[in-house]
Amino acid sequence: MSDTVILGRRQLFMLPTRFGLLFAALLVVQLLAAINYANGLAYALTFLLGSLAVVSMLYTHRNLFRLRLAAGTCAPVFAGETALFRIHLTNDSDTPRFGVSVMHDKKEIARVDIPARGSADVNLGMPAVKRGLLTMPAITLTTRFPLGLLYSWSRRVALEQSCLVYPRIAGPTPLRTRVETSLESAMGIRAGGDDYIGTREFQPGDSPRHVDWKAVARGEPWHIKQFGGGYQATVWLDWDMLEGLDTETRLSVLARWVIDAERDAMFYGLRLPDQTLSPSNGEAHQHECLKRLALFGLKP
């Protein structure tokens, strides 16, 4: 398996189409009529049409020969979404390619024309059912160019490409944090302020004014809203805070917390049973957190 494949002669096959078989039968009947009536024009027409069929074999084969396939990038998705694999078709010859079809599971994904010394991109959508790495499925290239008399196809081409599938995102879940949660700044640690930074579990003595009453009305456990002014919230998203839940549910909730913490511009870290990711934020940190959740417990 490779991320680039060039179609050679041993990878291409060709057979007549139904129209091609009908055309061949017509030529046979026409040849018999020409012999029976000794008609020179009938002979000429028969051999002319036959030569066109023979020449079309060359063009049908050449339409796929030496075509280069390469795997493009695939952006990470969440479980339940559709992963889009990009396939680059490159024509390195001076002859344009017409009517090249990309097939998967006997279904046509796309049909493209590729100019001489040019390229075309095709997107292959695959449902991301579960987290982890989703491997790009094998594809087949076909063509009926130029007359539709012959059908040429390639072997199944498996390009080396995979898509990272994050865990399925849980529904809105109040953020649960440990005592380590703090408000950090360049000058030290200080809580307080007017900016909402998340929630924590309710503790005796907490002010009722800071209770998340909307969550309580929805039947969720009591949580306290936290606020800070001019400081970033340092939050540990901890596996152990979700006791009683199965593995996939924990990963889904942690994925939700990562998304929420990044949205709220928090300074967050991730703690899993076998690894710890130091607090940070930003797109790269969010991706690293979700990646570790996606690959958690899976064999490399």
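The values are calculated or read from the model by the stated rules, or taken from the named source; none is laboratory data. Keep in mind the model is a prediction, meaning the values are calculated, not measured. Don't worry about glycine lacking a Cβ; one is built from the backbone with ideal geometry, like all the others, and counts go over all protein chains shown. Please note that ligands, DNA and RNA were not included when accessible areas were found on the heavy atoms of the full protein model with its side chains. Shrake-Rupley method; radii C 1.70, N 1.55, O 1.52, S 1.80 Å.
Of the conditions (1) closer than 24 Å to residue 11 by Cβ; (2) in contact with a Phe, Trp or Tyr (Cβ under 7 Å, 6 or more places away or on another chain); (3) aliphatic (A, V, I, L, M); (4) surrounded by fewer than 19 Cβ atoms within 10 Å (Cβ to Cβ), residue 116 satisfies every one except a single condition; which number is it?
Answer for residue 116: the failing condition is (2).
Being within 19 Å of residue 73 (Cβ to Cβ), among the small types (Gly, Ala, Ser) and open to solvent by less than 80 Å² (accessible area, probe 1.4 Å) is the requirement here; does residue 110 meet it?
On the way: within 19 Å of residue 73 (Cβ to Cβ): yes; among the small types (Gly, Ala, Ser): yes; open to solvent by less than 80 Å² (accessible area, probe 1.4 Å): yes.
Here the answer is yes, as residue 110 does meet what is asked.
Looking for something touching a Lys or Arg at 6+ places or on another chain (Cβ under 9 Å) and either within 22 Å of residue 143 (Cβ to Cβ) or in a strand (DSSP E or B) (or both) - is there at least one such residue anywhere in region 38-60?
Within region 38-60, the subset touching a Lys or Arg at 6+ places or on another chain (Cβ under 9 Å) is 60.
Adding the requirement that they be either within 22 Å of residue 143 (Cβ to Cβ) or in a strand (DSSP E or B) (or both) leaves 60.
Yes: one or more hits.
Among 77, 5, which is within 17 Å of residue 122 (Cα to Cα) and within 32 Å of the chain's Cα centre (by Cα)? I'd like the intermediate steps shown before the answer.
On the way: 77 fails: within 17 Å of residue 122 (Cα to Cα).
Result of the check over 77, 5: 5.
Yes/no per residue for (1) modelled with pLDDT of 95 or more; (2) part of a loop (DSSP other than H, G, I, E, B); (3) touching an Asp or Glu at 6+ places or on another chain (Cβ under 9 Å); (4) not hydrophobic (A, V, I, L, M, F, W, C):
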| position | (1), (2), (3), (4) |
| --- | --- |
| 64 | yes, yes, no, no |
| 99 | yes, no, yes, yes |
| 103 | yes, no, no, no |
| 108 | yes, no, no, yes |
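Tell me, which residue of region 258-270 that is in contact with a Ser or Thr (Cβ under 8 Å, 6 or more places away or on another chain) and farther than 20 Å from residue 164 by Cα is surrounded by the most Cβ atoms within 10 Å (Cβ to Cβ)? It would help to see each step written out before you state the result.
So the first thing to find is which residues in region 258-270 are in contact with a Ser or Thr (Cβ under 8 Å, 6 or more places away or on another chain), and the list is 266-270.
Right, trim to farther than 20 Å from residue 164 by Cα and you get 266-269.
Numbers: 266: 22, 267: 18, 268: 29, 269: 19.
That would be 268.
Within region 124-154, work out how many residues are open to solvent by 10 Å² or more (accessible area, probe 1.4 Å), of a type outside the set (Ser, Thr, Tyr) and in a strand (DSSP E or B).
Going through region 124-154 one residue at a time, the tally reaches 7.
Just a yes or no: is a residue in region 271-291 open to solvent by 40 Å² or more (accessible area, probe 1.4 Å), closer than 22 Å to residue 80 by Cβ and not in a helix (DSSP H, G or I)?
no
Kindly provide the set of residues from region 235-250 that are of a type in the set (Ser, Thr, Tyr) and free of Cβ contacts under 8 Å to residues at least 60 places away in the same chain, ordered by number. Give the steps one after another, and end with the answer.
We begin by selecting, within region 235-250, every residue of a type in the set (Ser, Thr, Tyr); these are 247, 249.
Result: 247, single match.
For region 46-65, indicate whether the set of residues that are of a type in the set (D, E, K, R) and exposed (fewer than 15 other Cβ atoms within 10 Å of the Cβ) is non-empty. Write out each step before concluding.
As a first pass, look at region 46-65 and keep what is of a type in the set (D, E, K, R): 62.
Now narrow it down to the ones that are exposed (fewer than 15 other Cβ atoms within 10 Å of the Cβ): none.
Taking every residue of region 46-65 in turn, none turns out to be of a type in the set (D, E, K, R) and exposed (fewer than 15 other Cβ atoms within 10 Å of the Cβ).
List pairs: first in region 139-150 and among the β-branched types (Val, Ile, Thr), second in a loop (DSSP other than H, G, I, E, B) and open to solvent by 10 Å² or more (accessible area, probe 1.4 Å), Cβ under 9 Å, 6+ apart or cross-chain?
Once the first residue is among the β-branched types (Val, Ile, Thr) and sits in region 139-150, its partners that are in a loop (DSSP other than H, G, I, E, B) and open to solvent by 10 Å² or more (accessible area, probe 1.4 Å) give 139/156; 139/158; 140/106; 140/155; 140/156.
From the list 30, 11, which one is farther than 20 Å from residue 140 by Cβ, touching a Ser or Thr at 6+ places or on another chain (Cβ under 8 Å), surrounded by 13 or more Cβ atoms within 10 Å (Cβ to Cβ) and of a type outside the set (A, V, I, L, M)? Give the derivation first.
Details: 11 fails: farther than 20 Å from residue 140 by Cβ.
Only one candidate qualifies: 30.
Could you grab me the full set of residues in region 206-217 that are surrounded by fewer than 10 Cβ atoms within 10 Å (Cβ to Cβ) and within 38 Å of the chain's Cα centre (by Cα)? Write out each step before concluding.
Initially, region 206-217 is screened for residues surrounded by fewer than 10 Cβ atoms within 10 Å (Cβ to Cβ), giving 207-209, 214, 217.
Correct list: 214 only.
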